[in-house]
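Data block below; observations after.
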Amino acid sequence: VRDRAIELLDRKPAGKPWFMQVNFPGPHEPIVSTSRMAASVMDRKWPDPIDNPGFMACPQQKKKWFQLKNHGKILPPQIGGRCNYGAELEHLDALMHSIVKHVEEMGELDNTIVIVAGDHGENLGDNGAIGKGMPWHASISTPLFIMGPGIGEGQVHGGPVSTLDLGGTWLDYADVANLGPGMTTASLRSILAGDITIPRRPFVSSGYEDWRAVIKEMPTSPEDPTITSYKLICWKSGKAWKHGAPRSATPFPSGAHWHLMLYDTIRDPDDFVPLDQSRPDVIAELLPLLPEGWCR
């Protein structure tokens, strides 16, 4: 993938604007690295997952050939664990760096916007879960890094944004004023420029199978005007909600068809403090933003 990207850069017309999207097929299950990559991460200290102290971040540190069974097979040290996920990330980071370096050698980096994004998160053991498809922080949050001319170095935006708005951002930088019919993408350019006064997407939506969620920036409370972000989750399954849920999550009511959960994603990014019982005012504001037929 990296080599094809560099080939395309070398073939592009000189002196003309260009756009290129590079899709790496990882990191992803199965979490597999090469023996050399596995060896490079073997002896490092890896952070423990959230509320799951028994999970081994790198099982290979216990045995050279750890006894993890998979369909009757003993898996080698380059498979599984947070450490091999980290090894995959480091490998992809090096590949992406070589592409950016090539743009720099072409003399065009100072006029190029570079975006690194992911399509979903990964629990990696948080709350005892592996994988994606859950509304909890590690799964629903995706990486998004942007650099380029006019973008402040080191700034972090804690509010909700959507990768769906990358298209609108590219079009904005290309000075395309009129979007096509039906396009709802919004530009992130004002956020990147540090201008929070320009209106942007009022809320972000997400969902998968048995749940839907909305996340919105709003005042903390009528008494506290500090801006925070609230996440409202609507569940329609009394079983699915348990997978990956924090132990502090409000249980699904017996006999209920729906269940609402509310969290402050700024003050409580790991979803430890449920607010669905204490902030009915926030629920009332966010509930109409859920899709038709979900908890309303």
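Between 239, 216, 231, find the one with the highest GNM mean-square fluctuation for the chain; connect C-alpha pairs within less than 10 Å.
With Cα springs under 10 Å in the chain, the top fluctuation among 239, 216, 231 is at 239.
Over the chain, what is the relative contact order in whole percent, taking alpha-carbon pairs under 8 Å and six or more residues apart?
Rounded, it is 12 percent for the chain.
Could you compute the FRET efficiency for residue 130 and residue 177, with r as their C-beta to C-beta distance and R0 at 45 Å, rounded to 0.05?
The pair residue 130/residue 177 has a calculated efficiency of 0.50.
I need the Kirkwood Rh of the stretch 205-296: take the reciprocal of the average 1/r across all distinct C-alpha pairs and report it in angstrom.
13.5 Å
What would the Debye formula give as log10 I(q)/I(0) at q = 0.13, 0.22 Å⁻¹ for the alpha-carbon point model of the stretch 122-171, no solvent?
Log-scaled intensity ratios, in q order: -0.45, -0.91.
Out of the total accessible area of the stretch 172-296 (probe 1.4 Å, heavy atoms of protein only), what percent is carbon and sulfur?
Carbon and sulfur together cover 57 percent of it.
HN-Hα J couplings of the stretch 283-293 from phi, Karplus 6.51/-1.76/1.60, θ = phi - 60°, integer Hz, Gly and Pro as x?
So the Karplus estimates, Gly and Pro as x, are 4, 4, 6, 8, 3, x, 7, 5, x, 3, x Hz.
For the stretch 224-274, what are the per-bin percents of Cα-Cα distances with bins 5 Å wide, up to the bin holding the maximum?
4, 19, 29, 22, 12, 7, 4, 1
Report the convex hull volume per residue for the stretch 82-221, counting only C-alpha atoms, in Å³.
160 Å³
For the residue pair residue 52 and residue 95, what label-to-label distance in nm results when each label sits 7 Å from Cα along the Cα-to-beta-carbon direction?
2.5 nm
Over the stretch 192-292, what is the relative contact order in whole percent, taking alpha-carbon pairs under 8 Å and six or more residues apart?
23 percent
Each label point is 7 Å from the Cα along the Cα-to-Cβ direction; what then is the distance between the points at residue 104 and residue 266, in nm?
The two pseudo-label positions are separated by 3.5 nm.
Enumerate by residue number the GluC sites (Glu not before Pro) in the stretch 155-247 meeting two conditions: DSSP loop (anything except H, G, I, E, B), and at most 16 other Cβ atoms within 10 Å of the site's Cβ.
Here the GluC sites (Glu not before Pro) that fit, given the DSSP loop and packing criteria, are 209, 223.
Rounded to a whole number of µm²/s, how large is the Stokes-Einstein D of the chain at 4 °C and 1.567 mPa s, given Rh as the Kirkwood radius over C-alpha pairs?
Here the translational diffusion coefficient equals 59 µm²/s.
Using a Förster distance of 22 angstrom, determine the FRET efficiency expected from the C-beta separation of residue 45 and residue 3, and round it to 0.05.
The value I calculate is 0.05.
If you average the sequence gap of Cα pairs under 8 Å that are 6 or more apart and divide by the length of the stretch 131-194, what percent do you get for the contact order?
Contact order relative to length: 33 percent.
Residue 295: net charge of surrounding residues, Cβ under 9 Å, Lys/Arg +1, Asp/Glu -1, itself excluded?
Net charge around residue 295: +3.
Taking a threshold of 19 Å on the Cα-Cα distance, which of the pairs 45/242; 132/231; 132/242; 132/216 fall above it?
In this structure, 45/242; 132/216 lie more than 19 Å apart at Cα.
Name the residues of the stretch 149-171 whose amide N is less than 20 Å from a point 7 angstrom out from the Cα of residue 19 along the C-beta direction?
Inside the label zone: 149-151, 162-171.
Using 19 Å as the cut-off for backbone N distance, which residues of the stretch 126-148 belong to the label zone defined by a point 7 Å from the Cα of residue 156 along Cα→Cβ?
137-148
So with the 1.4 Å probe, I'd like the accessible area per residue for the chain, rounded to whole Å².
Per-residue accessible area for the chain comes out at 59 Å².
The values are calculated or read from the model by the stated rules, or taken from the named source; none is laboratory data. What you are looking at is a predicted structure, and each value in this text was computed from that prediction instead of being measured. Cβ sites come from the backbone with ideal geometry, for glycine too, and all protein chains shown count toward neighbours. These area figures cover heavy atoms from the full protein model, side chains too; ligands, DNA and RNA do not enter into them. Shrake-Rupley method; radii C 1.70, N 1.55, O 1.52, S 1.80 Å.
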